[in-house]
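Following: one structure in structure tokens, then a few remarks.
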Amino acid sequence: MKIRPGEPDPLGAACDGLGTNFSVFSDVAQRVELCLFDENGDETRLDLPERTHGCWHGYLPGVGPGQRYGFRVHGPWDPAEGLRCLPEKLLLDPYARAVAGNVCQWHPSLFDADPDDPEGLTPNRDDSGPFAPKAVVVPQFDPQTEKESRRIDRPLSETILYEVHVRGFTMRHPGIPEPLRGTYAGLAHPAAIDHLCRLGITAVELLPVHQFVHEPRLIRNGLRNYWGYNTIGWFAPHNEYAAAQNPVRIVQEFREMVRSLHQAGIEVILDVVFNHTGEGDEEGPILSFKGLDNSAYYRLEDDPRLYKNYTGTGNTVDIRHPVVHRLVMDALRYWVTEMGVDGFRFDLAPVLGRGGDDYDPNAGFFRTIAQDPVIRKVKLIGEPWDLGPSGYQVGNFPRCWSEWNDRFRDGVRDYWRGAAYGVGNLAYRLTGSADLFRHNGRIPQAGVNMITSHDGFTLHDLVSYEKKHNEANGEGNRDGHNDNRSWNCGAEGPADDPMIQVLRSRQKRNFLATLLLSQGVPMLLGGDEMGRTQRGNNNAYCQDNEVSWFDWSGPDTALTEFTAKLIALRRTHPVFRNREWLRGGPVETRSEPDIAWFRPDGQPMAEADWRTSHGLMVFLSGRIGRVDANGLPLEDDDFFLLFNGQKVHGEFVLPKINAESRSFWKKVIDTRYWEVSEKEMIPVQGYQARDSISLESFSFVLLQYEKRAS
């Protein structure tokens, strides 16, 4: 086979219909072989003939889609200098659009140090080719012939996020044909989409779908990496989530999933892991980046044998390096322009902003995002913490980013379990966490509110367990969070006591109502709406089984309907999703504020009340003070939100807001019940009456005034 010089750009494998151009970066390589594999696994090796600015490249006529390939790098192997080139190791192309095979059994050849040398100073010369995953050439993307999957571009203020796992959501769904369960095609099936639409979800946030590997320790223990935060390929859809067997067809299956969700009005957000890779630390495997140019792709310690570990997973990607920086940006653009996704949630995002050891909100990666004509327009959500120095950065991301708001999670959990002191923290969380995000021109949608996420208890477990029960993970229950801020309502785990069951159901409704009626962007953990349990496991990252999969056989349909009603309220009433910060203040200082705060006795909150009261009434004015798309004043109904976060029932007296006449307020939500009849109304003579409303212990009530007086 005659290989031509080819071009350094683009990196990866670019097929033009007549042949394929291959290009890969390695500054330390002395020689790079392109390795082609036929259907029998037989290998043909060809030297890449040219090197341009550190990129080794060549064009091979006659090679097209479906061709499996990898690279072998000839260069120095000197871990003491941070160099780990071994030609015996087949390396995955960092730009691989599709991957064949996965590492399900960790053969010793996949590691670069001789296992018989405890010091790790002797290279392992065993050939890893038969056991390593292979890259696959895919057809060139042609937007003229591909069915377009147009992005929806829904404003953040109208977004309802649903964090979900492709496999877990579909694995046991009775309406999805068995061959499609656990796959992209399964998530695209009408039965799956129908559930999302009935809830009113506007965007799914998919746990990692980039190609990843299962850690050797998990494989040895008969477990698997279920969450997928162990990426090895940033361009390829994870092949174990596909119904298709052909790697090229897997790419198309993913595109079709995105297209089907878009047709239903649902955006697709990817949880992406650019902070570390599945190659682990100095004792980990050599699958791609280590063997190509270890010191370029990773941040190394002063002792170059070791890796900086800001992630807790063994290594940290060095996004400061221009080639790595480019790799990440190229991957982001690819998923938007060719795969059709609508945004990204960045795992351990402070890593991306570390120039040195410290976090910098003006780091180069953030500046690149801000000026990129493609990526700056999509939804960008950061997980604002990592394990490095000053790793907690909630509120410190650039203005075009949103952030997971764990302060909302913790504050609301504390309030509803009766552990909070006063209601001041709750008030901040209800109104978008201005204490965290109201600076540098940021808006309430900078905060992504959540009660639960994949990392921790489900909502059902939050009200059923006070301690984690992670024994199935094989780590002696030492893994996972100890600070869950949960309350089991009187018994640990499943309970037959009807009073405990009633209280748990009410608590779930309290959490959902608080989440979905607060300012900011709400994120619902998939399955919380149907009472999904993980049996007290708050770190089910390795439970690819019934512990994590949705159980569709006996869902809590009443809770599902309650959740859908709350989402419909939020989507119908812009007062719950203001794009600007609410203006408050004493009632007597303005004709009607955006928001006003009252004690249960109907009196305005005094300074001391914020620290001592467990009850709170919040008035939201429907006079939003902005215009709609047609330039007309945007108005909504008025609402009262009543919170009773104590163990005894309370009497709440409706206060006087102003002298306008009001006919009646209608009770639309009462968490004592899963539904409130349309006929159940609270008669009020405008704002003059002092009607008393009784709230059960640990309960929430929403009152609506439907029409303003003319």
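Being assigned to a loop (DSSP other than H, G, I, E, B) and touching a His at 6+ places or on another chain (Cβ under 9 Å) is the filter; apply it to the stretch 400-420 and report the residue that is nearest to ILE381 (Cα to Cα).
Selected residue: ALA420.
With respect to ARG345, is the statement that it is surrounded by fewer than 18 Cβ atoms within 10 Å (Cβ to Cβ) and either assigned to a strand (DSSP E or B) or modelled with pLDDT of 95 or more (or both) true?
no
Select from the stretch 252-269 the residues that are surrounded by fewer than 23 Cβ atoms within 10 Å (Cβ to Cβ) and closer than 25 Å to SER288 by Cα and list them in ascending order.
The answer is GLN252, and nothing else.
Could you please give the count of residues in the stretch 303-341 that are at positive phi and in contact (Cβ under 8 Å) with a residue 60 or more places away in the chain?
The total comes to 2.
Which one is nearest to ILE624 (Cα to Cα), of the residues in the stretch 138-170 that are within 27 Å of the chain's Cα centre (by Cα) and among the hydroxyl-bearing types (Ser, Thr, Tyr)?
Within the stretch 138-170, the match that is nearest to ILE624 (Cα to Cα) is SER157.
Of all the residues that make up the stretch 553-566, how many are of a type outside the set (Asp, Glu), out of contact with any helix residue (DSSP H, G or I) (no Cβ under 7 Å at 6 or more places or on another chain) and surrounded by fewer than 18 Cβ atoms within 10 Å (Cβ to Cβ)?
4
So ALA132 clears everything in (1) touching a helix residue (DSSP H, G or I) at 6+ places or on another chain (Cβ under 7 Å); (2) more than 30 Å from LEU18 (Cα to Cα); (3) modelled with pLDDT of 95 or more; (4) not β-branched (Val, Ile, Thr) except one condition, right? Which one?
(2)
Do we have any residue at all in the stretch 231-238 that's under 20 Å from the mean Cα position of the chain (by Cα) and either under 23 Å from LEU524 (Cβ atoms) or basic (Lys, Arg) (or both)?
no
Quick check on my filter: what residues within the stretch 1-52 are over 36 Å from the mean Cα position of the chain (by Cα), over 23 Å from PHE131 (Cα atoms) and not aliphatic (A, V, I, L, M)?
LYS2, ARG4, PRO5, GLY6, GLU7, GLY17, GLY19, GLN30, PRO49, GLU50, ARG51, THR52
Does the stretch 269-278 contain at least one residue that is of a type in the set (Phe, Trp, Tyr) and over 18 Å from the mean Cα position of the chain (by Cα)?
No, that holds for no residue.
Is it fair to say ALA608 is surrounded by 13 or more Cβ atoms within 10 Å (Cβ to Cβ), modelled with pLDDT of 90 or more and among the small types (Gly, Ala, Ser)?
So ALA608 fails the test.
Against the definition (surrounded by 15 or more Cβ atoms within 10 Å (Cβ to Cβ) and either within 24 Å of the chain's Cα centre (by Cα) or closer than 30 Å to LEU702 by Cβ (or both)), how does ASP497 come out, yes or no? Write out each step before concluding.
Values: surrounded by 15 or more Cβ atoms within 10 Å (Cβ to Cβ): no; either within 24 Å of the chain's Cα centre (by Cα) or closer than 30 Å to LEU702 by Cβ (or both): yes.
No: the conditions fail for ASP497.
Would you confirm whether any residue within the stretch 219-232 is modelled with pLDDT of 95 or more, in contact with a His (Cβ under 6 Å, 6 or more places away or on another chain), under 19 Å from GLY101 (Cβ atoms) and outside any loop (DSSP other than H, G, I, E, B)?
yes
Given the conditions (1) among the hydrophobic types (A, V, I, L, M, F, W, C); (2) touching a His at 6+ places or on another chain (Cβ under 8 Å); (3) surrounded by 23 or more Cβ atoms within 10 Å (Cβ to Cβ), report the number of the one that LEU287 does not fulfil.
It fails just one condition, (2).
Is it true that some residue in the stretch 393-414 is of a type outside the set (D, E, K, R) and at positive phi?
Yes, the stretch 393-414 contains at least one residue that is of a type outside the set (D, E, K, R) and at positive phi.
Among the residues of the stretch 527-550, how many are farther than 20 Å from LEU206 by Cβ and among the small types (Gly, Ala, Ser)? Reasoning before the result, please.
Going residue by residue through the stretch 527-550, those that are farther than 20 Å from LEU206 by Cβ are 531, 533, 535-538, 546.
Filter once more, keeping what is among the small types (Gly, Ala, Ser): 531, 536.
The qualifying residues number 2.
Considering GLU253, GLU283, which residue is at pLDDT below 95 and not hydrophobic (A, V, I, L, M, F, W, C)?
Going through GLU253, GLU283 in turn, the sole match is GLU283.
Working carefully through the options ALA135, ALA185, find the one that is more than 29 Å from THR431 (Cα to Cα), over 18 Å from the mean Cα position of the chain (by Cα) and part of a strand (DSSP E or B).
The match here is ALA135.
Table: residues versus (1) surrounded by fewer than 24 Cβ atoms within 10 Å (Cβ to Cβ); (2) touching a residue at least 40 places away in the same chain (Cβ under 8 Å).
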residue	(1), (2)
GLY424	yes, yes
LEU430	no, yes
ARG442	yes, yes
ASN449	no, yes
LEU459	no, yes
ARG478	yes, no
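The values are calculated or read from the model by the stated rules, or taken from the named source; none is laboratory data. Keep in mind it's a predicted model, so treat the numbers as computed, not measured. Note that each Cβ is placed from the backbone with ideal geometry, even for glycine, and that neighbours are counted across all protein chains shown.
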